[in-house]
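Undergrad: Once you've had a glance at the structure underneath, I'll fire off some questions.
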Amino acid sequence: MSIYLYLERNTFIHRLHPVTKIFLLLLFFILLLLFSSPLPIILVTFFLLLVSAFSRSISNLRKIWKLMFILFTFTIILWTIFLKNLNYALAMALRLNALIFTGLIFLSVTRIEEFTYGLNKLGLPFRVSFALTLAFRLVPSFILSAQTTIQAQKSRGLDLETGNLVQRIKKFIPLLIPILATSLRNAELLAIALECKGFGIKKKRTSYLDYKFGRNDFLTLLTIFLLYFLLLKIF
Amino acid sequence: MHLLEIKDLSFTYQNSSSPAVKKINFSVKENEFIILMGKSGAGKSTLAKCLTSIIPQFQKGNYSGKITIENQEIKNVPVYEIAQKIGLLLQDFEVQLFSTNVILEIAFGLENFSLARAEMEKRISETLKTVGLENYLNRDPLTLSGGEKQRLALASILALKPKILILDEPTTDLDPIGKKEIFALLKNLTKQGLTIIVIDHETDEILNADQIIIFNASEIVSSGNVEQLISQSEFLEKNGIRPAAILTLFQKLNLLTQKNIPKTVNDACHLLVENSYQTSEEKYTLLTKEEKKEKNLLFQIKNLEFTYPNVPAGQILKGLNFEIYAGEFLAIVGVNGSGKTTFIKHLNRLFTPTKGEIIYQNKNLKNYKIAELAKDIGYVFQNPDNQIFATTVKEEIVFGLKNLSFPHEEIEKGVKEVLKTVNLEGCKDKDPFILTKGEKQRLSVASVLVTQPKIIILDEPTTGLDYLELRSLMNLLKELNQKGHTIIMVTHTMWLVAEYAKRAIVLKEGEIVFNGSVRQLFSEKNIENWGLALPPLIELSQMFGKTLLSVDEFLFCLNKSTDPTV
C-alpha cells in the first residue's frame with residue numbers, strides 16, 4: 001500500500017534543502033555517464049549504498065531489486081552480443097543500475113512537493129515545475145487504479161494465475177487499454193479539480209513548505225564536489 | 001440584492017441531442033442553505049458545473065441564459081477566478097486529491113491564493129478540526145478510506161473560504177454519524193456567513209434547508225420551502241426522492257393534514273397517542289418469531305487479520321471470527337475506515353489474510369483460484385469508475401460471461417435481460433464514460449448480476465443512485481435472495497439495512513462489536529458509539545417499546561384503541 005517511494009524519515013539526508021538534493025541527483029547522473037569502465041561505477045555504487053543506508057531507505061531497494069536484476073542481465077547479454085566486449089557490457093549494465101539506484105534514493109528522501117519546490121527555487125515557473133513533477137504524483141494513483149481494474153476483472157473471472165510466465169504476461173496486455181483510457185479520462189477531471197482549487201490564479205504563488213539553505217547543504221555539496229574531482233582525477 | 005442569479009439557463013452537451021438543463025431560473029440570497037434534489041441524470045451536476053464555469057470553460061456545448069454572481073456574469077470567467085467566490089466539492093472527490101499528505105493537500109489551494117504561511121497554518125488546523133481529521137496530518141490521502149477522503153476533499157475546499165459552497169453529493173461515502181456531522185457543520189457554516197448549495201438524495205437532513213429545488217428531466221419542477229414539500233410523499237417519490245418514513249406512515253394512517261406535519265419523532269409520537277394508537281404485543285411477537293436462521297455454512301472466518309505492510313498503523317483487521325450462511329442477507333456496517341471493504345475483499349481472494357483463515361464450503365479459501373471463485377461470487381465495487389473498463393456498455397456486461405465461457409445464445413439473452421432489469425436498455429452501445437454516476441453504478445451491478453452468481457457482494461451500492469433506482473436495485477436483490485442467493489452488503493444507509501438485511505455485523509477499528517439480527521442491532525443502546533444512527537421511524541417505534549423496521553411492520557403492529565382512557 002505504500003505506493004510512493006518517499007519514506008518519511010528524519011535523517012541528515014532527508015533534511016537537506018530540495019535544491020541540494022536536485023543538485024546531487026544531477027551530479028551523480030553526470031558522473032555515471034562520464035565513466036565507461038566497471039571499476040569507478042562499482043565504487044560509485046558502493047557510495048550510493050552507503051547513502052542509502054545512511055538515509056534508511058534500503059527497504060525501497062528490496063522493492064525493485066528484481067527489476068534491477070532483470071535489466072542487469074539483459075543489458076549484459078545484449079551488449080555482449082552486439083559489441084562482443086564483455087567489459088563494456090558489464091560497465092553499461094552497472095551504469096544502468098547505478099542510475100536507477102540514484103533516482104531511487106532521490107525519490108526515497110524527497111517528497112514530490114519538495115521536488116516541485118526545488119525546481120521552483122531553481123527558477124522554473126510553478127506551472128512548469130508542477131507539470132514536470134505531475135508524472136511522479138500520478139504514478140501512484142495510476143498504479144492504484146490499475147490494481148482496482150485488475151481486481152475488477154479478476155473478480156469477474158479473468159484468470160491471471162494459471163499458465164507459464166509468457167502466457168500470463170500475454171493476459172496482462174489487454175488490461176493496458178482500459179487502464180490507459182481511464183488515466184486519460186482522469187486527466188481532464190484533474191485539470192478541472194486543479195482550477196477549482198485556484199491553480200493559476202496568481203502569478204506569484206506562496207509555499208507552505210519552507211526550507212533554508214544551511215551549513216549542512218553547503219558542506220554536503222562541497223564534500224561531493226571534492227569526491228567528484230578525486231574520482232575524475234583517478235579514472 | 002441576490003448573491004447568485006440564474007436566468008433562463010439551458011445547456012446541451014456536445015454530441016448530445018437533448019439539453020442537460022433547460023430554462024433554469026432561480027436565485028440565491030446570502031446565508032441561504034439550498035438543497036437540489038431529483039432523479040439521477042436530471043441535470044443537477046450539470047448545473048453545479050455551470051455555476052463554477054466548468055461549463056462552458058472545460059466542457060463545451062450549446063449554452064444559453066445567464067448566471068451572475070454579485071452582478072458579474074460568470075460564463076467567460078476562468079474557473080480559477082470563480083474559485084475565489086465559489087467552492088465546489090466534485091462528485092468524483094477522489095480526483096480532487098493529489099498531494100502526498102493531508103496537510104499539503106489543504107495547503108495546495110491556499111498556496112495558489114498566495115496566502116502567508118501563518119495564515120495557512122491557521123486555516124489548515126481549523127478546517128481539519130472541522131471535518132474531524134485532525135489526527136491524520138501526515139497520512140497519505142491515498143491510504144485513507146472512502147469517507148475520510150471525502151472529508152479531506154471537503155476540508156481542502158473549505159480552507160479556501162469561498163462565499164458560496166457547492167457540494168455535489170457530499171455524503172455518499174460517509175457513515176451515518178459522519179453524515180449528521182457534515183450537515184450540522186454546513187448549517188453552522190451558513191450562520192457564519194456562507195451560502196450553501198447541496199446536491200443530495202438524503203431526505204433525513206432535508207429539514208435543515210431554507211429552500212428546496214427539485215429537478216426532473218433537465219427542468220426545475222418545484223422549488224419552495226421545506227414544509228410545503230416534505231408532506232407530498234407521492235410527488236417526492238415520483239421525482240426520485242425518498243419521502244421521510246414517518247410521513248409515509250402518517251399518510252397511510254390518514255393522519256396527515258397540512259396543519260399536522262410531525263417535524264420531530266416526539267411530535268409523531270404525541271400525534272399517534274392523541275389519536276389513540278397503540279402497538280400490539282401479540283403481533284410484535286409474531287414478527288419476531290418469523291425470523292428464521294439460515295443453517296448451511298458458507299464461509300467460516302477464523303481469526304482473520306489483515307495488515308498493510310510498511311504502513312504505520314497498518315493493521316486493518318484484528319482477528320475476526322464469525323460465520324456466513326448460505327441464503328443470508330447480511331449487512332456489514334461501521335464507521336469509515338473500520339475495515340469493511342478490506343474484509344469483503346477477502347471473500348473472493350482479492351486480498352489474502354495476513355493471519356488466520358477463511359473456510360469456504362469446507363475447503364480453505366486459499367486453495368481456490370480467484371477465477372474459480374468468480375463463478376460463485378459476484379462483487380460490485382465501491383466506486384463504479386474503478387470497476388468499469390470496457391468501451392461500450394454491452395462489452396462491459398459481456399466480459400464476465402465470456403470469461404466464464406457462457407454459450408453464445410445465453411450471452412445475448414443475458415445482456416438483454418440484465419439491461420432491462422437495471423433500466424439501461426437504450427444504452428447498449430454507449431461509452432460507459434459518458435453515463436451519469438447513477439447509470440454507471442447500475443451498469444456495474446448489471447455486469448455482475450448477469451452471470452447469476454450464488455453469492456453477491458456489494459460495496460456501498462447506494463452511491464449516485466436516486467430513490468427509485470435504489471428501490472428497484474434493492475427489490476431485485478431481495479428477489480434474488482428469496483431465490484436462494486446469498487447477499488452481502490456493505491452500506492452506510494441505515495434504512496436499507498433495516499428494511500432489507502436480516503443479519504448485521506458491526507465493525508469498529510477492525511474488530512467485530514456486534515453480530516446478530518437486524519432487529520437486535522437497532523434495539524442496541526450502543527449504536528451511536530459504533531458510528532451508526534437510528535432511522536427516525538425505528539426511533540418512533542422504540543417510544544412504544546418495540547423495534548419496528550419498516551412502515552409495513554409498523555402498520556401491522558398498530559392498533560387503534562377503543563378504550564378512550566388509554
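Undergrad: Report, in listed order, any pair from B:Lys7/B:Lys238; A:Lys154/B:Lys366; A:Lys204/B:Lys187; B:Lys295/B:Lys369; B:Lys122/B:Lys191; B:Lys293/B:Lys366 with a Cα-Cα distance greater than 24 Å.
TA: The pairs that break the limit, which is 24 Å between Cα atoms, are B:Lys7/B:Lys238; A:Lys204/B:Lys187; B:Lys295/B:Lys369; B:Lys293/B:Lys366.
Undergrad: Near A:Lys203, which lysines are there with a Cα under 17 Å away, not counting those fewer than 8 places off in the same chain?
TA: Cross-link targets: A:Lys121.
Undergrad: Related question: Relative to the Cα centre, what is the charge dipole magnitude of the stretch B:260-383, using +1 at the beta carbon of each Lys and Arg, -1 at the beta carbon of each Asp and Glu, and rounding to the nearest 20 debye?
TA: Value, rounded to 20: 720 debye.
Undergrad: Take every residue in peptide B:76-83, count the Cβ atoms of other chains within 10 Å of its Cβ, and give the average of those counts.
TA: Mean partner shielding for this stretch: 5.
Undergrad: Next question. Highest mean first, what order results for B:274-283, B:458-467, A:140-149 on Cβ atoms within 10 Å?
TA: Descending mean neighbour count gives B:458-467, A:140-149, B:274-283.
Undergrad: Counting other C-beta atoms within 10 Å, and keeping those with at most 13, which DSSP coil trypsin sites (Lys or Arg not before Pro) do you find in the stretch B:460-566?
TA: B:Lys483, B:Lys525
Undergrad: Something else: Could you work out, residue by residue across B:141-150, how many beta carbons of other chains sit within 10 Å of that residue's beta carbon, and then give the average as an integer?
TA: Mean inter-chain Cβ contacts per residue within 10 Å come to 1.
Undergrad: Which of the three applies to chain B, rounded, prolate or oblate, going by the alpha-carbon gyration tensor with a ≥ b ≥ c and a/c under 1.5 meaning rounded?
TA: Taking the square roots of the gyration eigenvalues as a ≥ b ≥ c, chain B is rounded.
Undergrad: With chain A treated as a Gaussian network of Cα nodes joined by springs under 10 Å, which of A:Leu119, A:Leu107, A:Leu189 yields the largest mean-square fluctuation?
TA: Between A:Leu119, A:Leu107, A:Leu189, it is A:Leu189 that shows the largest mean-square fluctuation.
Undergrad: To the nearest 20 Debye, how big is the dipole of the stretch B:2-231 about its Cα centre, given +1 on the beta carbon of each Lys and Arg and -1 on that of each Asp and Glu?
TA: That gives the stretch B:2-231 a dipole magnitude of about 500 debye.
Undergrad: Calculate the translational D of the protein assembly as shown in whole µm² s⁻¹ from Stokes-Einstein, where the hydrodynamic radius comes from the Kirkwood formula applied to all Cα pairs, the temperature is 37 °C and the viscosity 0.692 mPa s.
TA: Answer, rounded: 112 µm²/s.
Undergrad: Test of understanding: extend the Cα→C-beta vector of B:Asn515 to 7 Å, then name every residue of the stretch B:377-419 with backbone N under 16 Å from that spot.
TA: Label zone hits: none.
Undergrad: Which percent of Cα-Cα pairs in the stretch A:87-235 sits in each 10 Å bin, short to long?
TA: Values per bin, smallest distances first: 8, 22, 26, 23, 16, 5, 0.
Undergrad: Roughly how big is the protein assembly as shown's charge dipole about its Cα centre, with Cβ charges of +1 (Lys, Arg) and -1 (Asp, Glu), in debye to the nearest 20?
TA: The calculation lands at about 2740 debye.
Undergrad: To continue, here is another question. For chain A, which DSSP H helices look membrane-span-like by this rule: Cα extent along the axis of 20 Å or more and mean Kyte-Doolittle of at least 1.6?
TA: Span-like helices here: A:18-34, A:38-54, A:86-109.
Undergrad: While we're on this one: List the residues whose amide H sits under 5 Å from the amide H of B:Gly356, counting only those 5 or more places along or on another chain, with H placed 1.01 Å from N in the peptide plane.
TA: B:Glu305
Undergrad: Taking the radius of gyration and the Kirkwood hydrodynamic radius from Cα positions alone, what is the Rg/Rh ratio for the stretch B:2-231, to two decimal places?
TA: 0.96
Undergrad: Same structure again: What average count of beta carbons from other chains do you get within 10 Å of the Cβ of residues in A:168-181?
TA: Partner-chain Cβ atoms within 10 Å, mean over residues of A:168-181: 1.
Each value in this text was obtained by applying a stated rule to the coordinates, not by laboratory testing. Quick caveat, the model's predicted, so the values are computed rather than measured. Quick reminder, even Gly has a Cβ in these numbers, built from the backbone with ideal geometry, and neighbours come from all protein chains shown.
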